[in-house]
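The values are calculated or read from the model by the stated rules, or taken from the named source; none is laboratory data. Everything numeric here is computed off the predicted structure, so don't read it as measured data. Positions of Cβ are backbone-derived with ideal geometry, glycine not excepted, and every protein chain shown enters the neighbour counts.
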Amino acid sequence: MPPLDVDAGVVDLTTQLCNIRSVSGEEGPLADAVEQTLRHLGLFRVLRFGNTVVARTHLRRQQRVVLAGHLDTVPVAANLPVRVEGDDRTGALHGRGTVDMKGGVAVMLRLAATLRQPRHDVTLVFYDCEEVEATRNGLGLLVAAHPEWVIGDVAVLLEPTDGRLEGGCNGTMRVEVSVPGTAAHSARAWRGVNAIHEAAPVLAMLAQYRPREVDVDGLVYREGLNAVGISGGIAGNVIPDRCVVTVNYRFAPDKDEAAALAHLRHLFAGYAMEVTDTSPGARPGLHHRAVQELVAAAAEPVGPKYGWTDVARFTALGVPAINYGPGNPELAHRDDEWVPVDQLHRCESVLAHWLEPAG
C-alpha cells in the first residue's frame, strides 16, 4: 500500500483510513499503509510485529507518553465508502470505522506528521484484532512479546469517548453458574427435578442485586452484575437436569480479579461456577503530572470509563492510562456509525497542545 496523505487534514485522513477495509484479521493492507506513512515522516523509529505497527521517538526526554489505537473494525454492513455530510468544520463522516476507531487513528497519524519538538518522547501503537477474542488482541500479543516497545510513563487510548476524558476502566468477568436437576420424561415430571425452575433463585438474586458505586481516586465507578445468557434442556419432552446461567460482572477498579471472583463465589455459594472470561480494571492514574497536563489542555473534567478498554493492559505494566478519542461510543458497531468532524479537529488540537504547547 502507498503512504497515506497525512497533509490532507484529519477529516480527509479519517476517510482514507476507513475506506481501506480492515475487518479483524484483514488489517494487513492498512498496517502496510500506516507503516509506510510513518517511515516517510522521519521523526520516528518504526517497528512491526505482525499487523501491529509501533513508532517511537528517541529525543532523550525525561518522560515518554504512549498513544494507542486499533486498526480493525467489525464487519462492514454496506456502510463503506465513507459518506461525507456537511463541510470540513461542522459536518460529519458516516461509515464503518468512523467512530470505532479510525478517527482516533487519524488523530495519531496527524500528530506523527505535525510534531516537531514534543516535550515528551512519544510512542504510537497501531494494533490489530481488538474487536475479536482477547487471545488475538494485537496489543496483548505485543505486550507479551515486546513489552519494552510500549513501556512509558503515561498512555492515552484513543478509543471513542465522545471527545471527553475518561479515566481508567471497570474490570469485567464472565462466569457460568450451573444449576443441577434430575432428568425425567416431561409426562412424569414429578419423577425429576427441573433445573431451569431451580435456577429461579439465581435469577431472583440477580434481579434484586444493587451494584456498588465506588469512588476510586476521585472518580465514581458504577458496577454491574447481570445475567447475559441462559441455557438448559435437550428436548421438548425431557425435564432438564442442568441449567447454566451466564453472568457478567463489571467491577470497579478498586478490586482486582481475585477479589471480583471471591465476590461472585460468595454470591453463588452452593452452585458450581466456571470463569469463562476475565480482564482486570484500571485505576484512572489522575495523580500523574502528565495526565494532569492533559486534563489542563482539554480544559474539562474527567469522568470514569464504565466499559472495559485496553487501558487495562497499560495499567498492568505499571503505566497510568486514560481514554480520549473522537466519536460517540454508543454509535460504535452500528450500521449508521458516524462522527462529527469538529470532534476530530478538537482531539487533534488538544493532544497537539499537550505534547507540543505553543511557545
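Of note:
- Evaluation of Ala207 against (1) closer than 22 Å to Thr246 by Cβ; (2) surrounded by 13 or more Cβ atoms within 10 Å (Cβ to Cβ) (one fails), failing number: (2)
- Single residue of the range 315-359 satisfying the filter (within 18 Å of Met108 (Cβ to Cβ) and of a type in the set (S, T, N, Q)) that is farthest from the chain's Cα centre (by Cα): Ser349
- Out of Leu317, Leu331, one residue alone is over 28 Å from Ala8 (Cα atoms) and surrounded by fewer than 19 Cβ atoms within 10 Å (Cβ to Cβ). It is Leu317.
- Residue in the range 152-169 that is of a type in the set (Val, Ile, Thr), buried (at least 16 other Cβ atoms within 10 Å of the Cβ) and not assigned by TED's automatic domain parsing to the domain that holds Glu348 present: no
- Residue match in the range 4-11 (condition: more than 29 Å from Pro320 (Cβ to Cβ), without any contact (Cβ under 8 Å) to a residue 24 or more places away in the chain and among the small types (Gly, Ala, Ser)): yes
- Flag for Arg250 being in the same structural domain as Gln343 (by TED's automatic domain parsing) and of a type in the set (Lys, Arg): no
- Selection of the range 125-173 for residues being within 30 Å of Ala272 (Cβ to Cβ) and touching a Gly at 6+ places or on another chain (Cβ under 9 Å) yields Val132, Ala134, Arg136, Cys169, Asn170, Gly171, Thr172.
- Long-range neighbours under 9 Å by Cβ, at least six apart or interchain, first residue within 18 Å of Gly236 (Cα to Cα) within the range 183-205, second in a helix (DSSP H, G or I): Ala183/Ala195; Ala184/Trp190; Ala184/Arg191; His185/Arg191; Gly192/Ser186
- Residues considered: Ala227, Ala235, Ala187, Ala183. Of these, the only one that is small (Gly, Ala, Ser), in contact with an Asp or Glu (Cβ under 7 Å, 6 or more places away or on another chain) and either more than 30 Å from Leu165 (Cβ to Cβ) or not assigned by TED's automatic domain parsing to the domain that holds His266 (or both) is Ala183.
- Matching residues, the range 50-70, being closer than 22 Å to Val154 by Cβ and in contact with a helix residue (DSSP H, G or I) (Cβ under 8 Å, 6 or more places away or on another chain): Thr52, Val53, Val54, Ala55, Arg56, Gln63, Val65, Val66, Leu67, Ala68, Gly69, His70
- Only one of Ala259, Ala269 that is out of contact with any Leu (no Cβ under 8 Å at 6 or more places or on another chain), assigned by TED's automatic domain parsing to the domain that holds Glu176, surrounded by fewer than 14 Cβ atoms within 10 Å (Cβ to Cβ) and closer than 17 Å to Gly171 by Cβ: Ala259
- Cβ separations smaller than 8 Å between residues 6+ apart or across chains give the following pairs from the range 67-88 residues that are at negative phi to residues that are exposed (fewer than 14 other Cβ atoms within 10 Å of the Cβ) and not in a strand (DSSP E or B): Asp72/Gly25; Ala77/Asp335; Asn79/Asp335; Asn79/Asp336.
- Within the range 49-79, the residues that satisfy the criterion of being crowded, with 16+ Cβ neighbours inside 10 Å and of a type in the set (D, E, K, R) are Arg56, Arg64, Asp72.
- Applying the set (1) in contact with a helix residue (DSSP H, G or I) (Cβ under 8 Å, 6 or more places away or on another chain); (2) part of a strand (DSSP E or B); (3) more than 30 Å from Gly192 (Cα to Cα) to Met273 leaves exactly one unmet item: (3).
- If the condition is being more than 28 Å from Thr15 (Cβ to Cβ) and either in the same structural domain as Asp215 (by TED's automatic domain parsing) or within 19 Å of the chain's Cα centre (by Cα) (or both), then the range 292-314 contributes Val302, Gly303, Pro304, Tyr306, Trp308, Ala312, Arg313, Phe314.
- The range 8-18: number of residues that are surrounded by fewer than 16 Cβ atoms within 10 Å (Cβ to Cβ) and at pLDDT 95 or above: 0
- Answer residue from the range 261-289, given it is closer than 22 Å to Arg222 by Cα and of a type in the set (D, E, K, R) and is modelled with the highest pLDDT among those: Arg265
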